[in-house]
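The values are calculated or read from the model by the stated rules, or taken from the named source; none is laboratory data. All values reported here derive from a predicted model rather than from experimental measurement. We place every Cβ from the backbone using ideal geometry, glycine too, and count neighbours over all the protein chains shown.
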Amino acid sequence: MGPKSIVGIILIVIGIAGLIIGVFGIFSKNLTNQSPWIFAILGFVFFTSGIGLLKSVGNQNS
């Protein structure tokens with residue numbers, strides 16, 4: 001497990017956390033003073049970049 005894989009996993013975890021906070025804030029009580037859409041969009045960006053990074057690392061190892 002190389003450094004790119006570790007960064008990819010970290011990005012995925014941050015993305016999932018951002019998506020959870022964002023979606024919870026959009027459909028229910030907002031947990032922060034910021035707009036929940038910020039967390040939802042950034043969570044989606046981090047999640048997709050982490051998935052893309054893990055896919056590229058998986059293709060290089062094959």
Tally up the residues in segment 1-17 that are assigned to a helix (DSSP H, G or I), over 10 Å from the mean Cα position of the chain (by Cα) and not aliphatic (A, V, I, L, M), please. 3
Of all residues in segment 19-47, which are modelled with pLDDT under 85 and of a type outside the set (S, T, N, Q)? LYS29, LEU31
If you go through THR32, THR48, the only one that is free of Cβ contacts under 8 Å to residues at least 12 places away in the same chain and hydroxyl-bearing (Ser, Thr, Tyr) is THR32
Lone qualifier among PHE39, PHE27 - being exposed (fewer than 11 other Cβ atoms within 10 Å of the Cβ) and either over 26 Å from GLY2 (Cβ atoms) or free of Cβ contacts under 8 Å to residues at least 12 places away in the same chain (or both): PHE27
All positions within segment 18-62 that are part of a helix (DSSP H, G or I) and either in contact with a Ser or Thr (Cβ under 6 Å, 6 or more places away or on another chain) or polar (S, T, N, Q) (or both): THR48, SER49, SER56, VAL57, ASN59, GLN60, ASN61
